[in-house]
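Okay, structure first, notes after.
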Number of protein chains: 2
Amino acid sequence: MKNLFHPDKDDIHLSSVLYALSDPVRLFIVSEIRRLGERSCGDIDVPVVKSTMSHHARTLREAGVLNVRIQGTQRMLTLREDDLESRFPGLLLSILDAYDRNGEPISSHTSE
Amino acid sequence: MKNLFHPDKDDIHLSSVLYALSDPVRLFIVSEIRRLGERSCGDIDVPVVKSTMSHHARTLREAGVLNVRIQGTQRMLTLREDDLESRFPGLLLSILDAYDRNGEPISSHTSE
DNA sequence: TTCATTATTCGATTGTTATCGAACAATAGA
DNA sequence: TCTATTGTTCGATAACAATCGAATAATGAA
């Protein structure tokens, strides 16, 4: 049985969280999990192939944004809302609210 | 007289702002400007050479985080607090508060 | 005009990342 | 045991980024 690394709450770093959430695809993933609750990787309708999705899920997990629970062949993703809220109060909410208010395109952060 | 590009308020993108603030050096720069008010590039005691500082100032300006005003040979930097607050309510404050609460290290591979 | 101050640009280096497809692994179910 | 489902890992690629030092530019002061 595999054991997935998750950083301790106190090892979650602001710059890593901001970096993880600065990618439009990852922002979309996180927004969907917040909207729908726990979901597997495959449940999230994201315009990348599954190996890329796996990469993003890992990036978010290692940054401390997501918790990943193994259930059969699936990886169930949840937001680490409580850990993030206690470490960075208001941060996640303001980011996700900003995301929902302004329709960010899912292309690239160097768009124009 | 040179004219520096600043994105319109409505062209400031969440992912770009998060990316700009995901670098520890840039977080420090922004935190210092918030703490001290308007400052020139050279006023900020940051552990990088001036060409690198120039690069970071440009990244923050182009992301919409900083306003840069030319005064003589200096570039005076201010936070675009109002624009950011109206577009992403609470975001900047929660980031800077999180930064101040948890001392994020500036991990740089050079000393100066 | 000459010099000092301040910052930008340029070229190079080194490292990181987002993406894909193919191969692989783990599990559940028949 | 066989097969389908679900993800991960690996290798490759192309793009981007953080940093430095040197050269350049703009300005103000002597």
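The values are calculated or read from the model by the stated rules, or taken from the named source; none is laboratory data. These figures come from a predicted structure and were not determined experimentally. Note: ideal-geometry Cβ built from the backbone for every residue, glycine included; neighbour counts use all protein chains shown. Surface areas here come from the heavy atoms of the whole protein model, side chains and all, with no ligands, DNA or RNA. Shrake-Rupley method; radii C 1.70, N 1.55, O 1.52, S 1.80 Å.
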Worksheet item: Computed FRET efficiency, Cβ-Cβ of B:Lys2 and A:Glu62, R0 45 Å: what is it to the nearest 0.05?
Response: 0.60
Item to complete: Please calculate how many Å² of accessible area segment B:5-112 carries per residue, with a 1.4 Å probe and no DNA, RNA or ligand atoms counted.
Response: 50 Å²
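At a threshold of 8 angstrom on Cα-Cα distance, excluding pairs fewer than six apart, so keeping six or more, what relative contact order does segment B:1-109 reach in percent? List each step's numbers first, then the result.
Numbers: 111 pairs, mean separation 36.0, N = 109.
The value is 33 percent.
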Item to complete: Any lysines with Cα under 29 Å of the A:Lys2 Cα? List them, leaving off those in the same chain fewer than 8 positions away.
Response: A:Lys50
Item to complete: Treat every Asp and Glu Cβ in chain A as -1 and every Lys and Arg Cβ as +1, leave all other atoms uncharged, and give the resulting dipole magnitude about the Cα centre to the nearest 20 debye.
Response: 420 debye
Worksheet, complete the sentence: At q = 0.13, 0.15, 0.23 1/Å the base-10 log of I(q)/I(0) from the Debye formula over the alpha-carbon atoms of segment B:9-101 is -0.39, -0.52, -1.26
Response to the item:
Log entry, pair B-A: total buried accessible area, probe 1.4 Å, protein chains only, in Å² rounded to 100, is 2000 Å²
Worksheet item: In sequence order, what are the phi-derived ³J(HN,Hα) couplings for segment A:89-95 according to the Karplus relation 6.51 cos²θ - 1.76 cosθ + 1.60 with θ = phi - 60°, rounded to whole Hz, with x for glycine and proline?
Response: x, x, 5, 4, 4, 5, 5
Practice prompt. Determine how large the accessible area of A:Val49 is when every protein chain is in place; take a 1.4 Å probe and give Å² rounded to the nearest 10.
Written response: 90 Å²
Worksheet item: What average number of partner chain Cβ atoms lie no more than 10 Å from the Cβ of the residues making up B:23-33?
Response: 1
Discussion item. Just checking the output field for B:5-14: average partner chain Cβ neighbours within 10 Å of each residue's Cβ?
Written reply: 3
Practice prompt. Could you size up the charge dipole of the protein assembly as shown around its Cα centre, putting +1 on the beta carbon of Lys and Arg and -1 on that of Asp and Glu, and report it in debye to the nearest 20?
Written response: 460 debye
Response to the item:
Carbon and sulfur atoms account, in whole percent of the 1.4 Å probe accessible area of segment B:9-101, for 43 percent
Worksheet entry | Inter-site label distance for B:Arg34 and B:Ile70 at 7 Å from Cα along Cβ, in nm | 3.0 nm
